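Here the structure comes first, spelled out in structure tokens, and everything after it is commentary.
The values are calculated or read from the model by the stated rules, or taken from the named source; none is laboratory data. It should be emphasised that the depicted structure is a prediction, and the values quoted were computed from it without experimental measurement. Reconstructed Cβ throughout: ideal geometry from the backbone, glycine too, with neighbour counts over all protein chains shown. For the accessible areas, the whole protein counts, side chains as well, though only heavy atoms, and no ligand, DNA or RNA atoms are used. Shrake-Rupley method; radii C 1.70, N 1.55, O 1.52, S 1.80 Å.
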Amino acid sequence: MRDDETSPQTVTRTMSPATPAAPRTGAPAPQAGPAPWLIRLVVVGLVLTALNLRPAITSLGALLEEVRDGLHMSGSVAGVLTSVPPLCFAVFGIMAPRLARRFGPGAVVCAGMVAIAAGLAIRPLVGGTAGFLAASALALMGIAVSNVLMPVIVKRWFPDRVGSMTGLYSMALALGTSLAAAVTVPMTEAMGGSWKAGLGIWAALAAAAILPWIPLVRDRTGAPGQPAEHRQEAPALRITRSRTAWGLACFFGLQATAAYITMGWMPQIFRDAGVSAGTAGVLLAVTMAMGVPLAFVIPRVAARIKNQGPIVVFLGACGLIGYAGLYLAPAGGAWAWALLLGISNCAFPLALTMIGMRSRSGAGVVRLSAFAQSTGYLISIPGPLLVGVLYQHSGGWGLPIALMAALMVPQMVAGIIAGRDRTIEDEC
């Protein structure tokens, strides 16, 4: 029974006029919006979390040759290592919506940052390939759930600023990616040349990202004032019936394939072409750094137009030109190819923006984010592994680069399908 149906009469009969607050107890209290300091804390949390979503991968890419030598890895095993990120993102990312419903998005992201810090701190300390893979998987598990929940938190806390907030944390993600690629090798040399120290130092950044989420650990809704709406709409969607969801999943998976091949193998391509290890790391950093300004601009542009297909085609064309350059003159035009591939890799913030735009509600974004990212990362698993196998058995980079270029064509097709002006609610 609702209080406002009975309590006003009861209160006026039993309490004296000296109690002025009594008649108001039966009226439904207005739902207050989030406090300004809480909004600012969420923004800080988003930025710090985004900074930690790629250093575990790009720091390893910069030191992959040293890690292979230190752990006695073959090229095929190294290919497996570069396939671990998408595998973990697919397996653990699908758990994120259920965990968020039970514990709240803030608590899950906080736990994810703890997992990243622990995994990055542990993996340099183990002495074998199996332990290194297990510790890496722990860190990647934290990255996986945070990957899925970032668009969800943006949609719920900033429903009127999806483009700008997605751009902000995408820019921070690109900054963390490029920073790890650029400074890992110099930091390793400054700390005595040990690849273990160069990889382990990134645990400190993850530890700092835990702090903003601690006040949100007990929040079960993701944003004050709108919990019921998001929980009730979720069961109505059968997302596998949506062509847009499948197109977005395929687009996400193929762009992830390109991104993880780039992060895992591009420094090795340049090193085999005669580029020094330090310069190869800087080239990877340039590729990742292109995402810093573009990851802020592209989501804002994408959010203002109805069809994102032209942006998809432009990014894909940059990727094809970059791969052609890697094949024809990897060392001679290294800086140009790094720039072009950096532009192409901005398909990632575009995919995140489309996740937020292809659903009307926070509940739909939860479903779509989990489906597109988990399915997409499953699609991306074979790519880095195939590159390692082709590289080892062919003895060069011709076949691997041809594979990268060939995958760019279906990526553009899937992106055009995902970029159409419609929502999953219309199709489900």
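Just one of the listed residues (Gly396, Gly415) is assigned to a loop (DSSP other than H, G, I, E, B) and either crowded, with 24+ Cβ neighbours inside 10 Å or over 24 Å from the mean Cα position of the chain (by Cα) (or both), namely Gly396. Of the set (1) farther than 28 Å from Ala285 by Cβ; (2) over 20 Å from the mean Cα position of the chain (by Cα), all apply to Gly362 but (2).
Conditions (1) out of contact with any strand residue (DSSP E or B) (no Cβ under 7 Å at 6 or more places or on another chain); (2) at pLDDT 90 or above; (3) polar (S, T, N, Q); (4) closer than 26 Å to Ala302 by Cβ, marked per residue:
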| site | (1), (2), (3), (4) |
| --- | --- |
| Gly319 | yes, yes, no, yes |
| Tyr327 | yes, yes, no, no |
| Ala334 | yes, yes, no, no |
| Leu341 | yes, yes, no, yes |
| Phe348 | yes, no, no, yes |
| Ser359 | yes, no, yes, yes |
| Gly362 | yes, no, no, yes |
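Is it the case, given these coordinates, that Ile311 is without any contact (Cβ under 8 Å) to a residue 24 or more places away in the chain and more than 23 Å from Met187 (Cβ to Cβ)? Judged against the criteria, Ile311 is not a match. For segment 157-209, a residue qualifies if it is open to solvent by 30 Å² or more (accessible area, probe 1.4 Å) and outside any helix (DSSP H, G or I), and the qualifying residues are Pro159, Asp160, Arg161, Met191, Gly192, Gly193, Ser194, Ile201. Of the helices (runs of 4 or more DSSP H) lying entirely inside segment 1-112, the ones with 2 or more residues being surrounded by 20 or more Cβ atoms within 10 Å (Cβ to Cβ), modelled with pLDDT under 70 and touching a helix residue (DSSP H, G or I) at 6+ places or on another chain (Cβ under 8 Å) are found at 75-93.
Selection of segment 290-324 for residues being of a type in the set (Val, Ile, Thr) and surrounded by fewer than 23 Cβ atoms within 10 Å (Cβ to Cβ) yields Val292, Val297, Val301, Ile305, Ile311, Val313, Ile321. Note on segment 325-379: residues that are open to solvent by 20 Å² or more (accessible area, probe 1.4 Å) and without any contact (Cβ under 8 Å) to a residue 60 or more places away in the chain amount to 9. Close Cβ contacts (under 8 Å, 6 or more residues apart or on different chains) running from residues in segment 189-209 that are of a type in the set (Val, Ile, Thr) to residues that are part of a loop (DSSP other than H, G, I, E, B) comprise Ile201/Met191. For segment 255-303, which positions are in contact with a Leu (Cβ under 6 Å, 6 or more places away or on another chain) and among the aromatic types (Phe, Trp, Tyr)? Once the filter is applied, which keeps residues that are in contact with a Leu (Cβ under 6 Å, 6 or more places away or on another chain) and among the aromatic types (Phe, Trp, Tyr), segment 255-303 yields only Phe270. Just a yes or no: is a residue in segment 124-132 of a type in the set (Gly, Ala, Ser), in a helix (DSSP H, G or I), without any contact (Cβ under 8 Å) to a residue 12 or more places away in the chain and more than 22 Å from Thr375 (Cα to Cα)? Yes, segment 124-132 contains at least one residue that is of a type in the set (Gly, Ala, Ser), in a helix (DSSP H, G or I), without any contact (Cβ under 8 Å) to a residue 12 or more places away in the chain and more than 22 Å from Thr375 (Cα to Cα).
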